[in-house]
Amino acid sequence: MSQQASFPHTRLRRTRAHGWSREMVRENRLSASDLIWPLFITEGMGIEDPITSLPGVSRWSVDGIVERAREACDLGIPCLALFPNTPAEKRSEDGKEALNPDNLMCRATKAVKDALGDQIGILTDVALDPYTSHGQDGLINDHGYVENDRTLDLLTKQALNQANAGADIIAPSDMMDGRVGAIRDVLELAHHHNVQIMAYSAKYASAFYGPFRDAVGSDGLLKGDKKTYQMDPANSDEALREIALDIAEGADSVMVKPGLAYLDIIYRTKSEFNIPVFAYQVSGEYALIKAGAAAGIGDHDALMMEKLIAFKRAGCSGILTYFAADAARLLHG
Ligand code: PBG
């Protein structure tokens, strides 16, 4: 820290005194290009199915996803993250619907790519939970333990299925050991050289995922928790080990999830590695802001923007957020 004159020669309030001046010294800015918009897909045509635990967020049928993609393009949002609400009859113990080239995820990906091509990126989530009858992210043994290496085999096939459908960024959220390298190998072999991997590297076993599990329809199915694969919220050094491994295995970018309660992890990642880092402002974080604003705790847009700029300040290249369209609209005035 350089030496500075003392009061009254230095008055930090001088540059704060005018709007134009605050604008000049602002250190971080949020723009629509920082935002990745997560969308939930449902079966049917012309369907908008509002998600009660996520006010303002709906599940859309594939045609609606294409409309949202056009909206995102118009708003300058560069990428969508897709999640399917798989019909109950297609869920199974082994989640094999994840490998169906005609599943919701693949149909939505293809439809957006057919309509908009390279005007927008599609990020697809790799994990089995939207497809399993037990709601876990991988294959379970007789004791309900999620088995790493058997799961890897399915995850690589799921990733390839998504890449074949046109996905631009594969985002493994399953937290199995070794998945990034295994997926990279399969993508290279299949000549998907430019399909990126954004690793959910530091994904914590969080209480903030509740509304998401409702959105993809796995909350009623999940027994127990995901603590044998997702990280302990008490740990920080371990997150850096996860990130180092994912980089060594070929991740193009990494993610910290949830966002706000883990800004220290984002900051450490940005300081220690030279790789783009993204935050996932998860469903529970979004729902808390909505509930807070509805309860009169503060102004909705001000709460939303303050939390989003915090991610930029901490060092994020971008943010996955259910606020993406609202924030982009606000940024465009
Ligand atoms: C699935 C997955 C989850 C989220 C993203 N991918 C839920 C979970 O791990 O249980 C959560 C996103 C959110 O809460 O918004 N592996």
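Taking every pair of Cα atoms in the chain, average 1/r, invert it to obtain the Kirkwood radius, and report Rg/Rh to two decimals.
Reported Rg/Rh (Cα atoms, Kirkwood Rh): 0.99.
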* **Cα centroid of the stretch 34-79 to Cα centroid of the stretch 255-333, whole Å** => 19
* List the relative contact order of the chain as a percent without decimals, with contacts defined as Cα pairs under 8 Å and 6+ residues apart. => 18
* To do: Tell me which residues come under 5 Å, amide H to amide H, from M231 once H is placed; ignore anything under 5 positions away on its chain.
  => K203, Y204, A205
* Span from the the stretch 167-241 Cα centroid across to the the stretch 4-26 one, whole angstrom -> 44
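In debye, nearest 20, what is the charge dipole magnitude of the chain about its Cα centre with +1 on Lys and Arg Cβ and -1 on Asp and Glu Cβ, if you could check?
On the way: 34 positive and 46 negative charges, 309 e Å.
With Lys and Arg at +1 and Asp and Glu at -1, about 1480 debye.
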* Asked: With the dipole of the stretch 30-331 worked out from charges on the C-beta (+1 for Lys and Arg, -1 for Asp and Glu) around the Cα centre, which of A287, Q162, F208 lies farthest toward the positive end?
  -> A287
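With +1 assigned to the C-beta of every Lys and Arg and -1 to the C-beta of every Asp and Glu, and no other charges, what is the dipole magnitude of the stretch 35-96 about the Cα centre in debye, to the nearest 20? Please list the in-between numbers first.
Numbers: 6 positive and 10 negative charges, 28 e Å.
Value, rounded to 20: 140 debye.
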* Structure fact -> Sorted by chain and then number, the residues having a modelled amide H within less than 5 Å of the amide H of R59, at least 5 places away or on another chain, are D49, I51
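A 20 angstrom limit on the alpha carbon distance is what I want to check against. Which of K110/K312; K96/K157; K270/K312; K203/K226; K257/K312; K110/K257 exceed it? Walk me through the intermediate numbers first.
Values: K110/K312 32 Å; K96/K157 10 Å; K270/K312 11 Å; K203/K226 11 Å; K257/K312 15 Å; K110/K257 27 Å.
From the list (K110/K312; K96/K157; K270/K312; K203/K226; K257/K312; K110/K257), the Cα-Cα distance tops 20 Å for K110/K312; K110/K257.
Counting only DSSP beta bridges with both residues in the chain, tell me the antiparallel percent, nearest 5. Kindly include the intermediate steps, with their values, before the conclusion.
Working: 4 of 37 bridges.
Antiparallel bridges make up about 10 percent of those DSSP assigns within the chain.
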* Asked: For the chain, with every protein chain kept in place, what is the accessible area per residue (1.4 Å probe, Å²)?
  -> 46
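Once the Cβ-Cβ distance between N164 and A248 is put in as r, and R0 is 25 Å, what FRET efficiency do you end up with, to the nearest 0.05?
With a Förster radius of 25 Å, E is 0.45.
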* What are the residues whose amide H is under 5 Å from the amide H of G121, where those residues sit 5 or more places off or on another chain and H is modelled from the backbone? -> C79, L80
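Hey, any idea what % of the chain's accessible area is carbon plus sulfur with a 1.4 Å probe? Display every interim value, and only then the final one.
Details: 7980 of 15200 Å².
Within the chain, the accessible surface is 53 percent carbon and sulfur.
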* To do: May I ask you to order 263-270, 28-35, 190-197 by the average number of other C-beta atoms within 10 Å around their residues, highest value first?
  => 263-270, 28-35, 190-197
* With label points built 7 Å along Cα→Cβ from the Cα atoms of A17 and D149, find their separation and express it in nm. => 7.0
* Once the other residues with Cβ under 13 Å from the Cβ of W60 are scored (Lys, Arg +1; Asp, Glu -1), what is the net sum? -> -2
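The values are calculated or read from the model by the stated rules, or taken from the named source; none is laboratory data. For clarity, every value in this text was computed on a predicted model and none was experimentally measured. Cβ atoms come from the backbone with ideal geometry, glycine included; neighbour counts cover every protein chain shown. With ligands, DNA and RNA removed, areas are computed over all heavy atoms of the protein, side chains included. Shrake-Rupley method; radii C 1.70, N 1.55, O 1.52, S 1.80 Å.
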